[in-house]
Amino acid sequence: MRPTWLVEALAAVMLLTAAYCLGRLVFARVRARSTHVDVDVAHVAMGVAMAGMLLPSLRSLSSGIWEILFAAMAVWFALQIVHFVRRWGVRGWDDDHLHHASHYATHLAMVVAMLYMFLALPVAGSVAAEGMSTMSSAPSAAAASGLPLIFAFVLFVAAVWYGDSLTRFARARTAGAGPAPALVVLELEQPEPAGGVPAAEAAAGGRDAGALLPVAGQGQVATVVARSRPTFAGAKVLCAHDRRWLAPRLEIATHITMCFTMGYMLIVMR
Amino acid sequence: MSAGTLAGVTRGWSLRRVVPRAEPWCAPDSRRILQLSLAAVWLFDGVLQLQPYMFTQAFGTGMIAPMAHGNPAVVADAITWSARVTAGHSMLAGTAFASIQLLIAVGIAWRPTVRAALTVSVVWSLGVWWIGEGAGDLFAGTASPLTGAPGAALLYALLAVLLWPSRSDDETAGGGFVADRPFGALPARLIWLVLWGGLGALSLSSGNRQPEAVRDAINTMATGQPHWLSSLDQAVAREVAGRGLEASVVVAVIFGLVALGIFAPPRMVRGVLILAAAVATAIWVVGEGFGGVFAGPATDPNSGPLLILLAAAFWPLRLSRPAAGPPAPATPGVSSAIIAAGARPELPTEMPTPGLTAGQR
């Protein structure tokens, strides 16, 4: 007995995810909201391609076209990583830099895994006509190389990594909710030399250090905690203040869904 | 907003009274990274459980039932019953097993449910250890640390306990390693001592001292593996052929060093942990054949990766204890405070970026 229901369910989830990411692109354009265009485009492509791998009746483009597409995306994401590291380095300016730095790396892994599935695994090529639900559990030559399992494990690591970051956005919403928006957390420190820099100026200058606010009558200064940091596209989803970002948790959910489904296919199709 | 306003706001107000703030999010620390590693392994296991083979009767009859062999009735009866039920409801059982493991992975990865997921993982692991692994063959007398004893599932449970999110979130608290946070440094080290000391004792058991015991164990795992792995296994098996006693003694000595080395000074402990990770890797590759994941249907990658994770949990985060000094003086008036919206810095929301954003370009 084969779990055909699982394959069909995953194919449906992939199509839904692709449709959702397509909707994100349109909605973000129309409503002037922020999103990762390149990532959403990649998710649309991966979702449609994987649905076709899971169920032959959903195949849309030929394998050759998919291979060219995913190769181009791999180059794109690799360039983004190089761009990121050259601009920001591997050590960043805040305590969540690992999430920033891993953003493009995980998507590079995803598109390379897609490319690998088309090039190396039989189900994506000539055997695809029978569909994955009829694949046997006997290991193939590709399985013997270990690459499918390595790809799968990398994707699972990425999935739990993204899962860990979901709760960041709960904080963002809490801080921004309610009738008194834009409350800023302050920590009061020992007196500093007179003439502290106004917070707004410091923030506008993108200072890494907290901005100083003189507090009259108390001889203390307040430090704006980790709020005056610059943002950039690779990390914009991480910024608690960027309310223009379109549904960040749903975006992360699409990453997780993609990673899980791809990992499943790599393991089952090997 | 003026500074005076700020002062007024800070007087008599606390942030928690005004804004019901969620627990602040912070970047993953060492323990969290190890928890996420454990979650990734659970996710891997859950997906392995989704392989078509696991939804067939053969999973019950061919994978669970043989675990009863050689075990006492208290273990064997439970295994036989479980195998029968699983084989009779293969689709339901396969779905349930995979779902539980996937939920554990998701639960550990999502911060609000870490404790619940770790609790479930302990219960599930012990159940799998008893039924799915035949209690690691410890009662059957055939357990060998080279092939996965005392059972990978037991290590999952152990890791869940040692990575428990205790109150102490200070990385430098306690003895300075992740595993010491739930119970303290000494109990954690004793757990390590018992585990590795037990592995050493197992390797000296009568069954493992037989002249061909080690060779046979390795040869068994070589069956069905890819050529490169089976060739490696066979080469090692040839080296230890007829030298079961010597091999067992060498392995036991190494295990003993690893077990006792955890009590050494931090700098030396790091060396011991590197040795432990190297031994675990060697066991994983040669003795366990990567848990058989290359050979066909497998339910988990066996104990090698978990022993490495365990070693990471004991890694000293600092090499010397901080000098004891007087506590920092309390800062008068230090508190969390708020300022009203008018004082909020206008944050730059857009920077020149390496990526593209829709709606803004």
Requested in this report: Could you identify the single residue in B:Arg189, B:Arg215, B:Arg238 that is of a type in the set (Lys, Arg) and exposed (fewer than 14 other Cβ atoms within 10 Å of the Cβ)?
Outcome: B:Arg238
Report summary line: Those residues of the stretch B:216-244 that are more than 18 Å from B:Gly296 (Cα to Cα) and part of a helix (DSSP H, G or I) come to a total of 11
Requested in this report: Please go through the stretch B:294-306 and pick out each residue that is among the hydrophobic types (A, V, I, L, M, F, W, C) and more than 16 Å from B:Glu133 (Cβ to Cβ).
Outcome: B:Phe294, B:Ala295
Report task. Any chance you could count how many residues in the stretch B:73-98 are within 11 Å of chain A (Cβ to nearest Cβ) and within 30 Å of B:Arg31 (Cα to Cα)? Result -> 1
Report task. Take B:Leu126 and decide whether it is within 12 Å of another protein chain (Cβ to nearest Cβ) and of a type in the set (A, V, I, L, M). Result -> no
Query raised in the report: Which fully enclosed helices (runs of 4 or more DSSP H) of the stretch B:78-176 have 2 or more residues being among the hydroxyl-bearing types (Ser, Thr, Tyr), within 21 Å of B:Asp300 (Cβ to Cβ) and modelled with pLDDT of 95 or more?
Result: B:114-127
Query raised in the report: Only one residue in B:Ala330, B:Ala323 is among the small types (Gly, Ala, Ser), surrounded by fewer than 17 Cβ atoms within 10 Å (Cβ to Cβ), modelled with pLDDT of 50 or more and assigned to a loop (DSSP other than H, G, I, E, B), so which one is that?
Result: B:Ala323
Requested in this report: May I ask you to list the residues in the stretch A:74-91 that are modelled with pLDDT under 85, assigned to a helix (DSSP H, G or I) and either of a type outside the set (Lys, Arg) or not assigned by TED's automatic domain parsing to the domain that holds A:Phe118 (or both)?
Outcome: A:Phe84, A:Val85, A:Trp88
Requested in this report: Could you tell me whether B:Leu307 is hydrophobic (A, V, I, L, M, F, W, C), surrounded by 21 or more Cβ atoms within 10 Å (Cβ to Cβ) and within 18 Å of the chain's Cα centre (by Cα)?
Outcome: yes
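The values are calculated or read from the model by the stated rules, or taken from the named source; none is laboratory data. Owing to the predicted nature of the structure, the values given are computational and were not obtained by experimental measurement. Note: ideal-geometry Cβ built from the backbone for every residue, glycine included; neighbour counts use all protein chains shown.
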